Structure formats: structure tokens, C-alpha cells
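Engineer: Below is a structure I'd like to ask you about.
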Amino acid sequence: MKSLVVALGGAAVGAAVCLGPQGRRPPGGVKVARVATLEELPADGVPRSFPVYATGLEVWNKLFGKPVGAVFLRRMGVDSLVAFNAACPHAGCRVDFEPDRKGYLCPCHKSSFTIEGKLADPSSQALRGLDELKVELRDGREIWVHFQDFHPGHAEKYPI
Ligand code: FES
């Protein structure tokens with residue numbers, strides 16, 4: 001009986017270490033997710049926003065199928081793709097794309113970014129441009145993004 005209690009206690013400690021204090025895995029890391037198809041993204045170079053849904057291992061922390069962030073995708077030509085995390089690098093608000101300005105604007109403290117994701121105004125609160133993400137085309141039409149969040153408020157990108 002004593003060995004059973006010891007074994008169960010060890011398993012509970014192991015689960016707590018793996019899942020964290022609230023029974024969840026710590027957030028962060030790279031999430032490789034399918035976010036769109038080529039048909040959903042015209043080749044005119046105008047950024048479009050897409051949600052990123054939790055996949056795979058996120059089932060363990062009950063995030064499966066829920067949005068964990070958003071990206072802006074640009075498609076130039078047949079299959080040239082660019083992806084940005086939609087979170088503002090100043091403090092994490094979600095930026096908007098403004099077609100008239102041909103750039104991104106953060107509604108929180110008005111940081112602005114060029115359509116290429118670079119800082120448009122040197123006096124912006126943000127210290128770096130939008131965070132570019134790795135993007136790949138699978139099966140000739142599915143757009144997959146290596147989604148990741150980065151610590152806001154720094155000039156350099158520090159992954160969360
Ligand atoms: S959160 Fe975007 S400018 Fe502050």
C-alpha cells in the first residue's frame with residue numbers, strides 16, 4: 001500500500017511539473033498551424049488577417065480549436081508569402097491594416113508600421129517592427145505559419 005501511495009504521489013508531482021500550477025502547460029513556443037489557403041489570399045499584396053487556432057498538443061490545456069493569436073498574410077505573385085504576428089511589439093495590442101495608408105496602425109498608442117512591417121514613425125512607442133513569422137506552402141495551396149509570440153517592449157525579438 002505504501003509503495004502505491006509513493007507511486008501515485010510521484011505521478012502527481014510529475015503531472016504538476018509538466019502541466020504547471022493551474023493544470024495547464026506553460027504558454028509560448030512555436031505553434032505550426034494551417035491558417036489559410038491560397039484561394040483565400042489574393043495575390044495583390046494587400047495584407048489579410050487570419051486567426052491562428054491551437055492545434056496538436058494544446059488539447060492538453062483545453063485550448064484545442066480556440067484562437068491563440070492572429071497573423072497578417074501577404075501574397076505577392078503566385079506563391080511568395082509573408083506573415084506577421086498581428087500583436088503590436090509595443091504592448092501587445094492587435095494592429096490593424098489601413099489600406100489608405102498602406103500600412104499598419106496600432107489602436108492603443110498609435111505605433112505605425114509600413115506594409116513591409118517596419119517601423120513607419122521613429123517616434124512610435126514600439127521599439128521594433130512587426131514580428132515576421134516563418135510561413136510555408138504545403139500541398140501547393142495550404143498556408144502554414146510557425147506562429148510565435150515575442151516579448152513586447154524590446155527592440156530585439158525575445159521568444160515567449
Ligand atoms: S500597444 Fe501598440 S502602440 Fe502600444
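The values are calculated or read from the model by the stated rules, or taken from the named source; none is laboratory data. Everything quoted here is computed from the prediction, not taken from an experiment. Cβ placement follows ideal geometry from the backbone for every residue including glycine, while neighbour counts extend to all protein chains displayed.
Engineer: May I ask you to say which residue of ASP121, ASP131, ASP100, ASP96 is within 21 Å of ALA54 (Cα to Cα) and either more than 11 Å from the ligand (Cβ to nearest atom) or among the charged types (D, E, K, R) (or both)?
Structural biologist: ASP131
Engineer: Go through the range 103-116 and count every residue that is out of contact with any strand residue (DSSP E or B) (no Cβ under 9 Å at 6 or more places or on another chain) and more than 8 Å from the ligand (Cβ to nearest atom).
Structural biologist: Of the residues in the range 103-116, 0 are out of contact with any strand residue (DSSP E or B) (no Cβ under 9 Å at 6 or more places or on another chain) and more than 8 Å from the ligand (Cβ to nearest atom).
Engineer: Can I ask one more? Against the definition (away from the ligand (no atom under 15 Å from the Cβ) and at pLDDT 95 or above), how does VAL71 come out, yes or no?
Structural biologist: yes
Engineer: Kindly provide the set of residues from the range 74-93 that are within 15 Å of the ligand (Cβ to nearest atom) and either acidic (Asp, Glu) or in a strand (DSSP E or B) (or both), ordered by number.
Structural biologist: PHE84, ASN85, ALA87
Engineer: If I go through the range 96-133 residue by residue, how many of them are touching a residue at least 40 places away in the same chain (Cβ under 8 Å), surrounded by 13 or more Cβ atoms within 10 Å (Cβ to Cβ) and of a type outside the set (Ser, Thr, Tyr)?
Structural biologist: So the count comes out to 7.
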